[in-house]
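Written out below as structure tokens is the structure these notes cover.
The values are calculated or read from the model by the stated rules, or taken from the named source; none is laboratory data. Because the structure is predicted, anything quoted here is derived from the model rather than measured. Here the Cβ is made from the backbone with ideal geometry for all residues, glycine too, and neighbour counts use every protein chain on show.
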Amino acid sequence: MSPLIELVGVTKTLKGQQRPRTILDGVDLAVEPGESVAILGRSGSGKSTLLSLIGLFDRPDSGQYFMGGRDLARIPERKAAALRSAEFGFVFQRFFLLKHLTAAQNVAMALVNGQGWLPRRKRKARTLEALDQVGIAHLAKHRPPKLSGGEQQRVAVARALVRNPSLLLADEPTGALDTETGNLVIDVMRAATDRGCGLILVTHDQAHAAKMHRVLHLRSGVLEPA
Ligand SMILES: Nc1ncnc2c1ncn2[C@@H]1O[C@H](COP(=O)(O)OP(=O)(O)OP(=O)(O)O)[C@@H](O)[C@H]1O
């Protein structure tokens, strides 16, 4: 099977306040469809920087980034934006839900923004399916302030999954949750990989990392098996 994504010798140097600092120094990473990979590393080691390159929010200084046989390392922003909404689902530590919209409306927003126009009935069905996938279809009409942190993060996961992304990118998605609630969120993301979606999880939690197929450590700018 050819990998979903493949990074080869990716480097990134950030211009710090005093002097430039090489954060990524030759990162190699291949992720297969349906594979889940955890990335551990001390604070400031560059995990979020790496995830933002993979999610095409930024580009590497050198190296290659293949997806579907194309090298995306230097694609312009217009093309990157289209790929971002077609291929990736993002989950962050903060949930970034709109408070005045219901859970279902928050999820449906991803369909309106990302995929052009979908008939209303299809949009509704896809939204409920995504909420069901994360076990909170019964909360579809609730607004975020009435939901617990774990429920809000599951809405955010449903929003990330509703467009059937090829790859889910999660940056410390359980950072604001207690262990038990965090476990639930990890389990629903992990379940998405059973349906063929790849998952890259940046985490500080060893137990959550251990639930992934593979655990890597970002150390001195390179990824090593943990
Ligand atoms: N835009 C930027 N310009 C300059 N330095 C930056 C920029 N973004 C991040 N950094 C620095 O780059 C380093 C790596 O940051 P990054 O957020 O990728 O690390 P991280 O491993 O995700 O950390 P954490 O676990 O604390 O979230 C840090 O030292 C950070 O201060």
* **Cβ-Cβ under 8 Å pairs, at least 6 apart or on other chains, the range 90-110 side of a type in the set (Phe, Trp, Tyr), far side modelled with pLDDT of 95 or more and part of a loop (DSSP other than H, G, I, E, B)** => Phe90/Gly55; Phe92/Glu172; Phe92/Pro173
* To do: Would you be able to tell me the number of residues in the range 32-48 that are within 16 Å of the ligand (Cβ to nearest atom) and part of a strand (DSSP E or B)?
  => 4
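Let's see how each residue does on (1) among the polar types (S, T, N, Q); (2) crowded, with 23+ Cβ neighbours inside 10 Å; (3) at pLDDT 95 or above:
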| position | (1), (2), (3) |
| --- | --- |
| Asn164 | yes, no, no |
| Asp171 | no, no, yes |
| Thr179 | yes, no, no |
| Val185 | no, yes, no |
| Asp194 | no, no, no |
| Leu201 | no, yes, yes |
| Met212 | no, no, yes |
| Gly221 | no, no, yes |
* **Inter-residue pairs, beta-carbon under 6 Å, first farther than 8 Å from Val10 by Cβ and in contact (Cβ under 8 Å) with a residue 12 or more places away in the chain and in the range 56-71, second polar (S, T, N, Q) and surrounded by 14 or more Cβ atoms within 10 Å (Cβ to Cβ), 6+ apart** => Asp58/Ser52; Asp61/Thr11; Asp61/Thr13
* May I ask you to say which residue of Leu51, Leu29, Leu14, Leu7 is aliphatic (A, V, I, L, M), within 10 Å of the ligand (Cβ to nearest atom), at pLDDT 95 or above and not in a loop (DSSP other than H, G, I, E, B)? => Leu51
* Can you find a residue in the range 60-67 that is in a loop (DSSP other than H, G, I, E, B) and charged (D, E, K, R)? -> yes
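Of all residues in the range 118-134, which are part of a loop (DSSP other than H, G, I, E, B) and more than 21 Å from the chain's Cα centre (by Cα)?
Step one: filter the range 118-134 for residues part of a loop (DSSP other than H, G, I, E, B), giving 118-119, 134.
Once the filter is applied, which keeps residues that are part of a loop (DSSP other than H, G, I, E, B) and more than 21 Å from the chain's Cα centre (by Cα), the range 118-134 yields Leu118, Pro119.
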* Asked: Within the range 54-70, can one find any residue that is more than 13 Å from the ligand (Cβ to nearest atom), hydroxyl-bearing (Ser, Thr, Tyr) and crowded, with 19+ Cβ neighbours inside 10 Å?
  -> yes
* Only one of these is small (Gly, Ala, Ser) and either closer than 23 Å to Glu35 by Cβ or within 18 Å of the chain's Cα centre (by Cα) (or both): Ala137, Ala191. Name it. => Ala191
* Asked: So which residues in the range 71-104 are more than 16 Å from the ligand (Cβ to nearest atom), outside any helix (DSSP H, G or I) and under 30 Å from Lys146 (Cα atoms)?
  -> Phe88, Gly89, Phe95, Phe96, Leu97, Leu98, Lys99, His100, Leu101, Thr102
